[in-house]
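J.: Right, I'll just put the structure down here and ask away after.
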Amino acid sequence: MIASAANGFMNTDPATCDGTPFNFQPEYSSAAAPNIIPWGPGPYMINDEYELGHFEPCTKVTGPQTTPIDGINDTYYTNCLGPYEAGSDSGSALEPDDSPCYKFGDTHGGTAAPNLVTGCDVFFDAIGDLDYDGTPYYPDWPDSVKPDRFPSPFLQLQPTTRGGHHYPQIQFVTDTSATELNTNCDQVTGAGCVLPPQGPGNFFPYFTQARVGGQCVWEFGNMRNGNTFGGVAQYGSVGPGTLGAFAGPVLRNPNC
């Protein structure tokens, strides 16, 4: 599908959910190495991307507050209590609290379907889970092609260019360095930049390529059924040539 106004593609106002028809256009017309996104760290080009660190499940929440949303004073909470909250955020300059937090079953004044879990989005007073104690930083990721304690992973075929040709090269990158304030990560020299990020879970998900059901596929999580490219080591390191991100070497695109 082409992301165009004619096909229903639109930008969404996060405050009102109103949509504005929009014609998406790519930044570049080719996948040349210098053609990277200009607004963030890392040599991203044509990429498969997952964003972590914006939710923490809780057993209970405390510190009720209200904020006006869609004509109502919506109740939210500031603090998460549970096994994934390493300790009190009170007084932390990086993550003063976990807000906004919401209870299981909350319908936000009848404006939304009931919440399926008690948890926090961590964006009112911080830019995400800066102490890295949420579920993404524990090995609570798919570890089998059959669901077990965790869901099974997605299985993604090799992306192709027009005509069905594989891209000749790949690179593993993560810009987790941009939020590693708890270790004073220097995005130029790489000093203080660590993976997994410093936190109680001591884990970071990685890509795996494996043959599943006769097809060569990419997986994401904690999968060890194929080529893990070194697990978390696939992301390489931060240095003067990585534009502030963890970036591994440019590799020949494998196919199982």
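J.: Based on the mean of other beta carbon atoms within 10 Å per residue, what is the order of 146-155, 207-216, most packed first?
T.: Order by mean packing, descending: 207-216, 146-155.
J.: Shifting gears a bit: Mind jotting down the distance between the C-alpha centroids of the range 134-177 and the range 212-246, whole Å?
T.: 8 Å
J.: By how many nm would the segment from Ser29 to Val145 lengthen if fully extended, with 0.36 nm per residue of separation less the alpha-carbon distance?
T.: Extending this stretch completely gives an extra 38.2 nm.
J.: Please give the contour-minus-distance gain from Cys17 to Leu81: 0.36 nm per residue of separation, less the Cα-Cα distance, rounded to one decimal in nm.
T.: In short, 20.0 nm is gained.
J.: Give the list, by residue number, of cysteines in the chain with no other Cys Cβ closer than 4.7 Å, or say none.
T.: Result for the chain is Cys17, no neighbouring Cys Cβ within the cutoff.
J.: Same structure again: Bin by bin, in steps of 10 Å, what percent of the Cα pairs in the range 147-189 do you find, going until the bin that has the longest distance?
T.: Using 10 Å bins, I get a P(r) of 18, 24, 25, 29, 3 for the range 147-189.
J.: Another question, then. Give me the percent of accessible area attributable to carbon and sulfur for the chain, probe 1.4 angstrom. Mind showing how you got there, number by number?
T.: On the way: 8020 of 14580 Å².
Solvent-exposed carbon and sulfur of the chain make up 55 percent of the total.
J.: Oh, and also: Would you kindly calculate the translational diffusion coefficient of the range 107-256, applying Stokes-Einstein with the Kirkwood radius from alpha carbon pairs, for 10 °C and a viscosity of 1.306 mPa s, and quote it in µm² s⁻¹ without decimals?
T.: 90 µm²/s
J.: Report the equivalent ellipsoid semi-axes for the range 42-182 in whole Å, largest first, defined as the square roots of five times the eigenvalues of the gyration tensor built from alpha carbon atoms.
T.: Three semi-axes, in Å: 33, 19, 17.
J.: Here is a further query. Please name which of Gly244, Asn182, Leu157 has its Cα lying farthest along the dipole of the range 106-256 towards the positive end, using unit charges on Cβ (Lys, Arg +1; Asp, Glu -1) and the Cα centre as origin.
T.: It is Leu157.
J.: First measure r as the distance between the Cβ atoms of Ala93 and Lys60, then evaluate 1/(1 + (r/R0)^6) with R0 = 30 Å and state the FRET efficiency to the nearest 0.05.
T.: After rounding, the FRET efficiency stands at 0.75.
J.: Another one. Please work out the FRET efficiency for the pair Leu157 and Asp70, using the Cβ-Cβ distance as r and a Förster radius of 51 Å; give the result to the nearest 0.05.
T.: About 0.80, to the nearest 0.05.
J.: Using only Cα atoms, figure out Rg for the range 1-42 and give it as a multiple of 2.2 N^0.38 Å.
T.: 1.52
J.: How large is the dipole of the range 139-229 about the Cα centre if only Lys and Arg carry +1 and Asp and Glu carry -1, each at its Cβ, rounded to the nearest 20 debye?
T.: That gives a dipole near 420 debye.
J.: Can you work out the accessible area per residue across the chain, with the rest of the protein chains kept in place, probe 1.4 Å, in square angstrom?
T.: Normalised by residue count, the accessible surface of the chain is 57 Å².
J.: What translational diffusion coefficient, to the nearest whole µm²/s, does the chain have by Stokes-Einstein, given a Kirkwood radius computed over alpha-carbon pairs, a temperature of 25 °C and 0.890 mPa s viscosity?
T.: It diffuses with D of about 118 µm²/s by this estimate.
J.: Return the ratio Rg/(2.2 N^0.38 Å) for the range 185-256, where Rg is computed over Cα atoms only.
T.: Relative to the 2.2 N^0.38 Å estimate, the range 185-256 comes out at 1.27.
J.: May I have the extent of the alpha carbons of the range 71-142 along their three principal axes, as whole Å values ordered from largest to smallest?
T.: Principal extents (Cα only, largest first): 33, 33, 18 Å.
J.: Less than 19 Å from a label point 7 Å out along the Cα-to-Cβ axis of Gln215: which backbone N atoms in the range 153-180 qualify, by residue?
T.: Residues 153-167 fall inside that zone.
The values are calculated or read from the model by the stated rules, or taken from the named source; none is laboratory data. Computed from a predicted model, the values in this text were never measured in an experiment. Note: ideal-geometry Cβ built from the backbone for every residue, glycine included; neighbour counts use all protein chains shown. What goes into the accessible areas is simple: the full protein's heavy atoms, side chains included, and nothing from ligands, DNA or RNA. Shrake-Rupley method; radii C 1.70, N 1.55, O 1.52, S 1.80 Å.
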